[in-house]
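These notes are about the structure you will find just below.
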There are 2 protein chains.
Amino acid sequence: MNKLRAIQLFVRLAELGSFTRVAEQLNTSKSVISKEVSRLEEDLGVRLLHRTTRNVQLTHAGEGYLQRAREILAQLEAADSFVQDLQQAPRGRLKINAPMALGITELSRMFADFMRAYPDIELDIHLGDEDVDLVEQGFDLGFRASSQPLDLAYVGRPLTRFGYHVCAAPQYLQQHEPIVSVDDLRSHNCFEYSYFKGKNVWPLDDGVRIGGTLRVNSVIFMLTAIKSGLGLGLVPEFLCREALASGELVEVLPDARKPELTLYALYPARHFVPARVLQCIDFLEAWFLRQR
Amino acid sequence: MNKLRAIQLFVRLAELGSFTRVAEQLNTSKSVISKEVSRLEEDLGVRLLHRTTRNVQLTHAGEGYLQRAREILAQLEAADSFVQDLQQAPRGRLKINAPMALGITELSRMFADFMRAYPDIELDIHLGDEDVDLVEQGFDLGFRASSQPLDLAYVGRPLTRFGYHVCAAPQYLQQHEPIVSVDDLRSHNCFEYSYFKGKNVWPLDDGVRIGGTLRVNSVIFMLTAIKSGLGLGLVPEFLCREALASGELVEVLPDARKPELTLYALYPARHFVPARVLQCIDFLEAWFLRQR
DNA sequence: CCTGTTGTTTTCAAATTGGAAACAGTTTTA
DNA sequence: TAAAACTGTTTCCAATTTGAAAACAACAGG
């Protein structure tokens, strides 16, 4: 038995309350979880959990062990960070979460530079636009674009600000009615981004309810559709900058009032923040300053 | 790599200053020690020891890690013995309060099993349906059936849920008017349980005021009267289950809405709850889970 | 330049592990 | 009431990892 892993599994299990979910979250089979936790119980000679087919609940012994196990794992992590931070060049693994669109544009260039600067740091980058809990999923760092301040459980550092543009292909604009006011959008094919907070109301001036033939959870996908001349989209600046410069896309309603978002780097407010995380954030801040 | 064992080996190694001696002391080969410690260093990305052919000495990082590692191992050991002490064949007396009806049915079987499992625990069981103050009377544990959450001065663990049935003897039903609706009960001989919260209003559908020739503070007594064909009673499921199965009693108005009660195990929210109490509750929970 | 001792590496049989599938329960659904 | 859908556990076997011995490399001391 790998006792340390068994303990980690037990803690996870206590949090999620289900063998199946732990297995899913760790991309392994539930038999592994079951066997390892059973072995831990056997090793201790104590039942830590009551199992039923519907849920798992801690025994009294399990509750006591959980509390101590958490502490021990935290201390071990701190010990590891301690020795790693003594090294001159930071090393270790950084698990990072970022929005898809941002990840494959700005951040891909940024992290290429980062890897050059810190060749001993392993990056584990998860791109996705679903809401994730950084702590629960073990992320060291996350990127969020927001117009409001952020969750207090995290430390957030503003990196840069960016806006949106309403974009269309020149071809589309030729073939359709001209757009001179925000209200004209109502009669156009405006694409909707599924995760967009305003849903089908674009925050132009006082807001305009739009409609169209495409609703998709990827701005990249949407951008391709726009470039093909199929419709209009509200696209983050960093995504359309190139296409606007080259003339492949044209900005519509450049003078309409549009919101500005701030891009934050977030990290869990732990007791011991590993040096590599802080170092990475310093790098981020410097990098984005240089870009402007 | 078994990290925990690697850490243990590292600590031993730092103490003995020699791979060979660690191997000897643990009755294993030195290759194991060498490989495992190397793997730990690799995992951390940090050299913990300077090796020469003559002796082993800690690096700066190694010293820091050693100190933390010792602490972690000590805490782990403490956690292990903590749960094991909880488990240790507990002894002593458990003073327990339970409702009469429950005590002479379910609980009598449950505690028979418990006594087999923990032969060193003395049980002092007080059955009774009066309201008692557990703390004042020195009870370690009490059982309460309730539809609402419980007094905050106690810690309560839900054990099982059960319902009620309106029961009568077949003989009684033959000799009296048929009962097809809740309201029909008004004209029947419905027995009243003195401690019942609703007094003479049975909580069927929207409630029905009943009356009859027996009012008694023992459901067992009442059950005997019902079996004799003298009248109807509102009886907890666990009490009439057998009689219903054997046909000795028949359920009346099975489709009427009836309340469901949760059976709780209660113990005073003291600072130090004796291990035997916690142990007993774990046993209870497991037992009732198994029953279902 | 041996000799004895150190830690590391190699080797390969033996033990352990991990995932799929079968299984035994239970709850939910139709 | 039967079927479907989950639960956690167990079984099975290929794949990996482990461990002890032996070979090896490095070095101190005679």
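Compute the convex hull volume of the Cα atoms of segment A:1-71, divide it by the residue count, and report the result per residue in Å³ as a whole number. Present the calculation step by step, with values, prior to reporting the outcome.
Values: hull volume 5.6 nm³, N = 71.
Value for segment A:1-71: 79 Å³ per residue.
With label points built 7 Å along Cα→Cβ from the Cα atoms of B:TYR195 and A:GLU285, find their separation and express it in nm.
6.7
Of the residues B:ALA245, B:ALA256, B:ALA168, which exhibits the maximal mean-square fluctuation in a Gaussian network model of chain B defined by a 10 Å Cα contact cut-off?
B:ALA245
With all pairs of different alpha carbon atoms counted, what Kirkwood hydrodynamic radius in Å does segment B:106-224 show? Mind showing how you got there, number by number?
Working: mean 1/r = 0.0565 Å⁻¹.
About 17.7 Å, per the Kirkwood formula over Cα pairs.
In segment A:189-251, what trypsin sites (Lys or Arg not before Pro) fall in a loop by DSSP, with at most 10 other Cβ atoms inside 10 Å? Before the final figure, lay out each step's value.
Details: sites: A:LYS197, A:LYS199, A:ARG209, A:ARG215, A:LYS227, A:ARG241; in loops: A:LYS197, A:LYS199.
For trypsin sites (Lys or Arg not before Pro) across segment A:189-251 that sit outside H, G, I, E and B with at most 10 neighbouring Cβ atoms in 10 Å, the list reads A:LYS197.
If each of B:GLU63 and B:THR213 carries a label point 7 Å out from its Cα toward its Cβ, how far apart are those two points in nm?
9.5
Quick one, what does Rg over Rh come out to for segment B:98-161 if you take C-alpha atoms and the Kirkwood Rh?
Values: Rg = 12.5 Å, Rh = 13.2 Å.
Result: Rg/Rh = 0.95.
So for the protein assembly as shown, taking the charge dipole from beta-carbon charges (+1 Lys/Arg, -1 Asp/Glu), which of B:THR224, A:SER246, A:ASN27 sits furthest toward the positive end?
A:ASN27
Inverting the mean 1/r over all pairs of different Cα atoms, compute the Kirkwood radius of segment B:164-252 and quote it in Å.
Values: mean 1/r = 0.0782 Å⁻¹.
Final number for the Kirkwood radius of segment B:164-252 is 12.8 Å.
What is the mean number of Cβ atoms from other protein chains located within 10 Å of the Cβ atom of each residue in peptide A:63-73, rounded to a whole number? Display every interim value, and only then the final one.
Working: counts 2, 6, 5, 1, 2, 7, 3, 0, 4, 9, 1.
That average works out to 4.
For segment B:1-95, run through the trypsin sites (Lys or Arg not before Pro) and keep only the ones in DSSP coil with at most 10 other Cβ atoms within 10 Å of their Cβ. Walk me through the intermediate numbers first.
Numbers: sites: B:LYS3, B:ARG5, B:ARG12, B:ARG21, B:LYS30, B:LYS35, B:ARG39, B:ARG47, B:ARG51, B:ARG54, B:ARG68, B:ARG70, B:ARG91, B:ARG93, B:LYS95; in loops: B:ARG47, B:ARG54, B:ARG91.
Sites meeting the loop and neighbour criteria: B:ARG54.
Write down the percent of antiparallel bridges among all DSSP beta bridges whose residues are both part of segment B:38-173, to the nearest 5. Please list the in-between numbers first.
On the way: 3 of 12 bridges.
Looking only at bridges with both residues in segment B:38-173, the antiparallel portion is about 25 percent.
Can you give the direction-averaged projected area of the convex hull of the alpha-carbon atoms in segment A:28-143, in nm²?
Values: hull surface 40.2 nm².
In nm², the orientation-averaged hull projection of segment A:28-143 is 10.0.
Determine the calculated [θ] at 222 nm for chain A from helices alone, applying -39500 (n - 2.57) to every DSSP H run no shorter than 4 residues and normalising by the residue count; nearest 500 deg cm²/dmol. All intermediate terms of the calculation are to be shown ahead of the outcome.
Numbers: 10 runs with 121 residues, N = 292.
Calculated at 222 nm, the ellipticity per residue is -13000 deg cm²/dmol.
Mind telling me which of B:LEU204, B:LEU49, B:LEU102 comes out most flexible in a GNM of chain B, alpha-carbon contacts under 10 Å?
Evaluated over chain B, the most mobile residue of the options is B:LEU49.
Compute the acute angle (0 to 90°) between the alpha-carbon long axis of helix A:237-246 and the principal axis of greatest extent of the alpha-carbon atoms of chain A; round to the nearest 10°.
The angle comes out at about 40 degrees.
Determine the relative contact order of segment B:3-87: mean sequence separation of Cα pairs under 8 Å and six or more apart, normalised by residue count, in whole percent.
Working: 65 pairs, mean separation 22.4, N = 85.
Averaging sequence separation for qualifying contacts and normalising by length gives 26 percent for segment B:3-87.
Counting only heavy atoms of the protein chains, get the accessible area per residue of the protein assembly as shown (1.4 Å probe) and round it to a whole Å² value.
Working: 30090 Å² over 584 residues.
Per-residue value: 52 Å².
Of the accessible area of the protein assembly as shown, with the probe set at 1.4 angstrom, what percent is carbon plus sulfur? Walk me through the numbers on the way to the answer.
Details: 14710 of 30090 Å².
Roughly 49 percent of what the probe reaches on the protein assembly as shown is carbon or sulfur.
Just give me a number: lysine pairs in chain A, eight or more positions apart or cross-chain, with C-alpha atoms less than 20 Å apart. It would help to have the intermediate numbers written out before the result.
On the way: A:LYS3/A:LYS30; A:LYS3/A:LYS35; A:LYS197/A:LYS258; A:LYS199/A:LYS258.
So the count works out to 4.
State the Cα centre-to-centre distance between segment A:181-230 and segment A:24-42 in whole Å.
46
Contact order normalised by length for segment B:164-252, with contacts defined as Cα pairs under 8 Å and 6 or more residues apart; what percent is it? Before the final figure, lay out each step's value.
Values: 142 pairs, mean separation 40.6, N = 89.
Computed value for segment B:164-252: 46 percent relative contact order.
GNM, chain B, Cα, under 10 Å: largest mean-square fluctuation among B:GLY163, B:GLY92, B:GLY17?
Among B:GLY163, B:GLY92, B:GLY17, the largest mean-square fluctuation in the Gaussian network model of chain B belongs to B:GLY17.
From the label point of A:PHE196, set 7 Å from Cα along Cα→Cβ, how far away are the matching label points in the other copies, in nm, ordered shortest to longest?
Going from nearest to farthest copy, the values are 6.3 nm.
What percent antiparallel are the DSSP beta bridges of the protein assembly as shown, to the nearest 5? Write out the running numbers ahead of the final one.
Values: 50 of 74 bridges.
Counting only bridges with both partners in the protein assembly as shown, antiparallel ones make up about 70 percent.
Just to be sure I understand the model, the point goes 7 Å from the Cα along the line to the Cβ. What's the resulting A:ARG161 to A:LEU73 distance in nm?
Taking the two extended label points, one gets 4.0 nm.
Measuring from a point 7 Å out along Cα→Cβ, what nm distances, shortest first, does A:ARG51 have to its partners in the other copies?
Nearest to farthest, the other copies are at 4.1 nm.
Go from 0 up to the bin containing the longest alpha carbon distance in chain A, width 10 Å each, and give me the % of pairs per bin.
6, 22, 24, 21, 15, 9, 3, 0
Using a 1.4 Å probe and counting only protein heavy atoms, how much accessible surface gets buried when B and A come together, both sides summed, in Å² to the nearest 100? Before the final figure, lay out each step's value.
Values: alone 16720 and 16250 Å², together 30090 Å².
That pair hides around 2900 Å² of surface in total.
Which whole-number percent is the relative contact order of segment A:60-162 (Cα, under 8 Å, 6+ apart)? Please report the intermediate quantities before stating the final value.
Values: 74 pairs, mean separation 31.0, N = 103.
Rounded, it is 30 percent for segment A:60-162.
When 1/r is averaged over all different Cα pairs and the result inverted, which Kirkwood radius in Å belongs to segment B:141-196?
Values: mean 1/r = 0.0665 Å⁻¹.
Kirkwood hydrodynamic radius for segment B:141-196: 15.0 Å.
Which whole number gives the average, over all residues in B:46-58, of C-beta atoms from other chains lying within 10 Å of the residue C-beta?
Working: counts 9, 2, 1, 0, 0, 0, 0, 0, 0, 0, 0, 0, 0.
Across B:46-58, the average partner-chain Cβ count within 10 Å equals 1.
Measure nothing but the geometry: give the 0 to 90° angle between the long axis through the Cα atoms of A:30-44 and the longest principal axis through the Cα atoms of chain A, rounded to 10°.
For helix A:30-44, the angle is close to 30 degrees.
Bin by bin, in steps of 20 Å, what percent of the Cα pairs in the protein assembly as shown do you find, going until the bin that has the longest distance?
15, 30, 28, 22, 4, 0
Any idea what the A:GLN175 label distances to the other copies are, label 7 Å down the Cα→Cβ vector, nm, shortest first?
Inter-copy label distances (nm, one decimal, shortest first): 9.2.
The values are calculated or read from the model by the stated rules, or taken from the named source; none is laboratory data. Computed from a predicted structure; not experimentally measured. Don't worry about glycine lacking a Cβ; one is built from the backbone with ideal geometry, like all the others, and counts go over all protein chains shown. Just so you know, the surface numbers come from the protein's heavy atoms only, side chains and all, with ligands and any DNA or RNA stripped out. Shrake-Rupley method; radii C 1.70, N 1.55, O 1.52, S 1.80 Å.
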